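> The structure is given below, and queries will be raised subsequently.
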């Protein structure tokens with residue numbers, strides 16, 4: 001039974017990859033712009049529907065779907081039980097969608113799916129030899145950036161910055177060596193200036 005489940009999950013993952021690469025990305029290179037637009041809009045809807053067991057606590061598609069559905073219903077229930085004043089304020093004010101201003105951390109599963117989809121489209125774009133596929137990949141990336149803004153889903157877009165201690169140490173040592181060489185050059189130039197002045201006075 002366990003071997004059969006593993007085979008079914010493997011088939012599911014291969015089916016997802018085939019749909020993404022052999023169907024959706026293939027249709028992004030269609031000559032008809034309407035077909036490309038539909039394929040690009042399908043890409044944005046696929047991100048939240050992909051399933052990879054390495055991203056799930058319980059490697060089961062049914063449990064993952066139940067978790068997502070229950071979280072949606074719980075959010076709606078919590079929104080209905082808010083105080084009236086807070087509800088009115090939240091409907092009147094418009095929050096700026098800036099960097100790290102989202103109320104919660106983006107879903108890690110969706111962000112990993114977004115990263116996989118963007119990687120597949122980017123590879124198709126860089127390897128593209130047709131104008132239609134280039135236009136289709138650009139439109140798909142545009143719609144993805146509209147649905148999943150880079151300022152909120154920065155890791156999914158491969159735009160994260162990691163502050164490394166070694167990097168700062170290297171930069172500081174580089175600055176110190178530059179400052180040391182600058183001070184040495186200044187002292188050498190100062191001594192040459194003094195020698196030149198004494199030479200002029202002696203003459």
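The values are calculated or read from the model by the stated rules, or taken from the named source; none is laboratory data. Since the model is a prediction, treat every value here as computed from it, not as a measurement. Cβ coordinates were reconstructed from backbone atoms using ideal geometry, including for glycine residues, and neighbour counts include every protein chain displayed.
> Test residue 133 against the criterion of being part of a helix (DSSP H, G or I), touching a helix residue (DSSP H, G or I) at 6+ places or on another chain (Cβ under 7 Å) and at pLDDT 95 or above, and give yes or no. Can you show your working first?
Details: part of a helix (DSSP H, G or I): yes; touching a helix residue (DSSP H, G or I) at 6+ places or on another chain (Cβ under 7 Å): yes; at pLDDT 95 or above: yes.
Yes.
> Among the residues of the stretch 141-175, which ones are at pLDDT below 90, under 9 Å from the mean Cα position of the chain (by Cα) and surrounded by 10 or more Cβ atoms within 10 Å (Cβ to Cβ)?
If we filter the stretch 141-175 for residues that are at pLDDT below 90, which is where we start, we get 150-156, 158-175.
Going one step further and asking which of them are under 9 Å from the mean Cα position of the chain (by Cα), we end up with 150-156, 158-160.
Those that are at pLDDT below 90, under 9 Å from the mean Cα position of the chain (by Cα) and surrounded by 10 or more Cβ atoms within 10 Å (Cβ to Cβ): 150, 151, 152, 153, 154, 155, 156, 158, 159.
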